[in-house]
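Below: the structure, in structure tokens.
The values are calculated or read from the model by the stated rules, or taken from the named source; none is laboratory data. The model shown is predicted, which means the values in this text are computed figures rather than measured ones. Here Cβ is always computed from backbone atoms with ideal geometry, including for glycine, and neighbour counts include all displayed protein chains. Only protein heavy atoms, including side chains, enter the accessible area calculation; ligands, DNA and RNA are left aside. Shrake-Rupley method; radii C 1.70, N 1.55, O 1.52, S 1.80 Å.
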Amino acid sequence: EKMLYDNAQLLELYALGYAETGRALFRNAAEGIVAWLEREMTIPEGAFASSLDADSEGEEGRFYVWSLAEILEVLGEADAAFFAKVYDISEHGNWEETNIPNRLISGEAPPEIEERLASMRAKLLERRASRVRPGLDDKILADWNGLMIAALVRASPLLDRPDWMGLAQRAYRFVAGSMSRDRVLGHSWRGGSLIFPGFALDHAAMMRAALALYEATGEPSCLRDAGAWRDVLLDQFMVEETGSLAMTAKDADPLVVRPQPTHDDAVPNANGVFAEALVRLAQITETGEDHQRASEILTRLVGIARAAPLGHVSILNALDLHLRGVSILVTGQGAEALFDAALRIPYLDRSARWLRPGEVLDENHPAKALAASTGEAQALVCAGMRCSLPVGDVDVLGAQVREMLGSAGP
């Protein structure tokens with residue numbers, strides 16, 4: 001079974017892995033996920049389906065596994081022998097007398113070998129397309145789409161794939177437009193039918209996605225959407241007595257017990273996703289109100305997470321961004337190269353904003369005076385209320401961020 005939420009989280013990790021190491025293994029894995037997303041999971045409305053079944057024709061994995069004989073038939077003797085060696089293919093198989101192609105043993109290969117393998121995979125993919133396909137669960141879930149939208153936006157600059165931004169924007173427009181009523185999101189859409197209202201994670205994941213898109217594009221509507229979904233979460237889902245989000249809205253159908261889970265599961269918990277979004281919003285706007293709100297909610301959540309840290313990693317990640325992350329403000333005409341460089345700094349460490357003409361910084365923004373000092377392209381790196389001197393060079397920007405990360409504190 002192939003789940004949208006698994007692949008969203010893997011896409012972020014592979015992009016980060018590539019940014020850290022430059023290894024082609026991570027790039028290829030990330031690009032494979034997005035190729036699958038476009039080929040298998042994008043529905044005509046532009047958003048992403050939920051999952052593909054594990055079985056077809058009554059057998060688990062039938063669509064994906066291979067016999068050595070079929071690989072010989074498609075590739076010919078020489079290429080089949082080579083492919084089998086790399087992908088652990090044998091006559092008796094590596095799983096229930098059949099083969100799951102994998103490279104756990106062979107690992108990475110030089111570029112010329114990878115090019116040869118890509119040609120072979122294309123031929124096998126063409127053959128596989130003639131098989132009976134596994135069932136597609138084509139309902140659109142707001143929370144899982146939010147996770148994938150953010151993953152595409154964050155991975156796009158790290159792997160130099162601007163086309164992924166378009167995929168994210170199409171999905172975002174559908175969820176934000178067709179799955180909301182008066183700014184409140186539904187949970188699931190299929191064939192024109194919307195299950196409404198949505199859950200806490202629907203709003204938190206889409207708030208996070210909206211901020212990722214705002215950082216990358218500067219589109220004002222994304223920042224407005226993020227603020228609207230924040231307000232919905234605070235008004236409809238926040239339980240003041242506990243300081244955490246309930247799963248269901250207070251105006252939803254009443255339950256005997258209103259669930260308030262805080263631990264991460266197969267997907268990050270709504271509380272951790274919301275905390276990260278609040279921290280990122282505060283770094284973007286630098287308003288006292290946003291900073292205070294993020295600090296207060298994190299203080300409550302960290303108290304909850306302390307009892308079981310490994311079950312609350314999304315909350316701890318939000319705390320790390322709050323305590324250690326830097327915000328990068330880009331201003332001036334012709335600052336495209338500086339802004340692109342800011343986005344290529346892994347999102348775990350920073351937020352980014354390009355101050356467009358006509359936009360005004362909050363009165364308390366620590367870079368307000370420096371931002372207004374010149375109309376030339378510049379980047380300002382801030383940690384808390386401290387900001388660097390203006391940076392006009394891409395390489396210097398990276399060094400400045402590393403220095404500020406090393407000295408960042410509460």
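A compact table of results
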{"quantity": "Isolated Cys residues of the chain, judged by Cβ distance under 4.7 Å to other cysteines", "calculated": "CYS222"}
{"quantity": "Accessible surface, 1.4 Å probe, highest first, among residues VAL279, VAL65", "calculated": "VAL65, VAL279"}
{"quantity": "Accessible heavy-atom area order of ASP251, ASP182, highest first, probe of 1.4 Å", "calculated": "ASP182, ASP251"}
{"quantity": "Environment charge at GLU241 (Cβ cut-off 14 Å; Lys +1, Arg +1, Asp -1, Glu -1)", "calculated": "+2"}
{"quantity": "Within the chain, percent of DSSP bridges classed antiparallel, to nearest 5", "calculated": "80"}
{"quantity": "Within region 255-410, percent of DSSP bridges classed antiparallel, to nearest 5", "calculated": "55"}
{"quantity": "For region 90-98, 3J(HN,Hα) per residue [Karplus equation, 6.51 cos²θ - 1.76 cosθ + 1.60, θ = phi - 60°, Hz, x = Gly/Pro]", "calculated": "9, 5, 8, x, 10, 7, 6, 6, 9"}
{"quantity": "Cross-link table LYS250/LYS368; LYS2/LYS250; LYS2/LYS85, entries beyond 31 Å C-alpha to C-alpha", "calculated": "LYS250/LYS368; LYS2/LYS250"}
{"quantity": "Per-residue ³J(HN,Hα) for region 133-140, Karplus 6.51 cos²θ - 1.76 cosθ + 1.60, θ = phi - 60°, Hz, x for Gly and Pro", "calculated": "7, x, x, 9, 8, 9, 6, 9"}
{"quantity": "Separation between Cα centres of region 77-95 and region 324-345, rounded to whole Å", "calculated": "47"}
{"quantity": "Amide proton proximity set for GLN260, modelled H, under 5 Å, gap of 5+", "calculated": "MET247"}
{"quantity": "Solvent exposure of region 216-289 as accessible area per residue, Å², 1.4 Å probe", "calculated": "43"}
{"quantity": "Using θ = phi - 60° and Karplus 6.51 cos²θ - 1.76 cosθ + 1.60, couplings along region 172-179 (whole Hz; Gly, Pro as x)", "calculated": "4, 4, 5, 5, 5, x, 8, 10"}
{"quantity": "Distance between modelled label sites at THR374 and LEU389, nm, 7 Å Cα→Cβ extension", "calculated": "1.0"}
{"quantity": "Structure-based [θ]222 nm, the chain - -39500 (n - 2.57) summed over DSSP H runs of at least 4, per residue, nearest 500", "calculated": "-16000 deg cm²/dmol"}
{"quantity": "Pairwise Cα inverse-distance average, inverted: Kirkwood Rh of the chain (Å)", "calculated": "23.0"}
{"quantity": "Rel. contact order, % - alpha carbon contacts under 8 angstrom, at least six apart, region 1-146", "calculated": "30"}
{"quantity": "Region 129-201: trypsin sites (Lys or Arg not before Pro) in DSSP loop, at most 15 other beta carbons within 10 Å", "calculated": "ARG131, ARG183"}
{"quantity": "Per residue value of the accessible surface for region 24-84 (all protein chains in place, 1.4 Å probe), Å²", "calculated": "44"}
{"quantity": "Heavy atoms of VAL153 accessible to a 1.4 Å probe, total area in Å² rounded to 10", "calculated": "10"}
{"quantity": "Accessible-area value, MET247, 1.4 Å probe, nucleic acids and ligands omitted, Å²", "calculated": "80"}
{"quantity": "Cβ-defined net charge surrounding GLY311, 15 Å radius [Lys, Arg +1; Asp, Glu -1]", "calculated": "-1"}
{"quantity": "Förster radius 41 Å - calculated FRET efficiency between VAL256 and GLU219, Cβ distance, rounded to 0.05", "calculated": "0.45"}
{"quantity": "Helix axis angle, 200-217 relative to the chain longest principal axis, alpha carbon, degrees", "calculated": "80"}
{"quantity": "Length-normalised contact order of the chain in % [C-alpha pairs under 8 Å, at least 6 apart]", "calculated": "12"}
{"quantity": "Interchain or long-range residues, amide H under 5 Å from PHE63's placed H", "calculated": "SER56"}
{"quantity": "Ranked order, HIS291, HIS263, HIS203 - accessible area, probe 1.4 Å, largest first", "calculated": "HIS263, HIS291, HIS203"}
